[in-house]
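Heads up: the structure comes next, in structure tokens.
We did not get these values from a lab; they are worked out from the coordinates using the rules stated. Here the structure is a predicted model, which means the values were calculated and not measured. Don't worry about glycine lacking a Cβ; one is built from the backbone with ideal geometry, like all the others, and counts go over all protein chains shown.
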Amino acid sequence: ANLEADFAQRSLAYAAFTERLVVDPAPPTTTPSATSTPSATSTTTPGSTTASPQPSTTVVPRPPVPAEAVPPELLPAAGEALGVIRIPAIDVDKVVVVGTRRADLRKGPGHYPTTPLPGQAGNAAIAGHRTTYGAPFGAIDLLEPGDRIEVETFQGSFYYEVLAQETEDGSSGHAIVNPTDVYVLGDYGDNRLTLTACHPKYSARQRIVVQAQLVSPPAVTIELPLEALFEDPVSEDQLAYEVTGINPETGEIDETFEPVTSAPDEALVVDVPGDVLDESLGWHTEESTPFVLWSLSTAVAAAVVLIAARRWRRWAAYAIGSPVVVVLLFLAFTHLDRMLPAF
């Protein structure tokens with residue numbers, strides 16, 4: 001309810017701001033683009049398919065350019081409500097927040113901050129869970145080509161149609177990719193929406209990807225100031241190295257070079273972190289050490305309480321020691337929750 005109220009208030013404030021906003025409606029341009037997604041190609045993981053665009057010449061509308069910057073206070077911050085996504089075919093009606101961190105996705109589907117906002121030109125991307133925290137994307141595997149997706153942001157309502165993706169089993173409304181296939185979040189040269197989630201259910205081994213074409217005019221392009229969310233974006237030199245093996249510092253081929261398994265030219269992925277598909281949905285092994293330490297602390301505290309109960313007054317020992325054990329146990333489970341994949 002708080003997220004919905006926050007979104008409604010921000011939409012009203014932005015509407016008041018745009019009443020005096022003068023824009024330059026740039027003419028549409030004809031560019032090579034992908035009007036349908038994806039023919040499937042095999043990757044290193046058995047049974048997975050990757051989405052590659054079918055080149056074609058399409059008129060891509062250019063969005064109007066804002067005449068002045070939008071005040072920061074009108075823009076949502078990380079974890080705040082960005083909009084609402086509605087998918088009638090699978091009964092989805094959820095608030096979308098800014099960011100794909102664990103804390104963000106617990107609130108609802110999260111927008112990848114390195115991609116355009118939904119409704120704007122380019123490839124807007126949203127991640128969501130399939131089995132936990134309301135499972136907003138639990139049934140996206142049931143979406144079929146042509147299904148309608150509506151995303152409402154503070155800029156208005158925008159409509160998308162699910163694109164067909166060619167897989168080994170024929171045409172489908174989704175593709176299965178590896179967590180390293182971040183090109184699905186890149187710029188295909190058209191205006192689309194990409195939905196991602198873990199696959200299969202109860203596993204973080206792969207990612208399921210649904211892509212949809214924007215059928216509404218694109219909105220004014222506005223970038224959120226969220227650079228701090230991703231401190232180490234993939235640079236152009238790093239992307240070039242991953243393709244060619246040429247060390248950008250020496251200009252020579254690295255003898256230990258191993259080519260990437262997914263085709264990097266399928267979409268422009270500059271400034272998309274290489275682990276962005278895995279950062280919020282996969283394992284967080286850095287939490288294993290604090291989990292083990294707090295677990296050991298819990299075991300030691302529990303042992304001390306039991307010994308004290310036998311040698312001292314039982315109920316007094318339990319009354320004093322139990323709160324300590326509960327707090328330590330809570331901290332241990334907090335780090336366990338952060339460590340496990342969020343499906």
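Key figures
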read-out: Euclidean distance between Cα centres, the range 288-302 to the range 143-188, Å; value: 43 Å
read-out: Kirkwood Rh in Å, taken over all unlike Cα pairs in the range 79-128; value: 10.9 Å
read-out: Around I307: net Lys/Arg minus Asp/Glu count, Cβ-Cβ under 15 Å; value: +4
read-out: Residue exposure sequence - I208, I149 - by fewest surrounding Cβ within 10 Å; value: I208, I149
read-out: Overall form of the range 147-189 per C-alpha gyration tensor (a/c, 1.5; a/b vs b/c); value: oblate
read-out: Charge context of P200, other residues only, Cβ under 11 angstrom, K/R +1, D/E -1; value: +3
read-out: Whole-number D in µm² s⁻¹ for the range 84-197, Kirkwood Cα-pair radius fed into Stokes-Einstein, 20 °C, 1.002 mPa s; value: 150 µm²/s
read-out: Ordering of 293-304, 211-222 by burial proxy (mean other Cβ atoms within 10 Å per residue, highest first); value: 211-222, 293-304
read-out: Extension reserve of the R102-I320 stretch, reckoned as 0.36 nm per residue once the Cα distance is removed; value: 75.1 nm
read-out: Gain upon complete extension [S288, W312; 0.36 nm per residue less C-alpha separation]; value: 5.1 nm
read-out: Amide H contacts under 5 Å for A164, placed H, 5+ residues apart; value: T37
read-out: E223/V327 FRET efficiency (R0 51 Å; Cβ-Cβ; nearest 0.05); value: 0.75
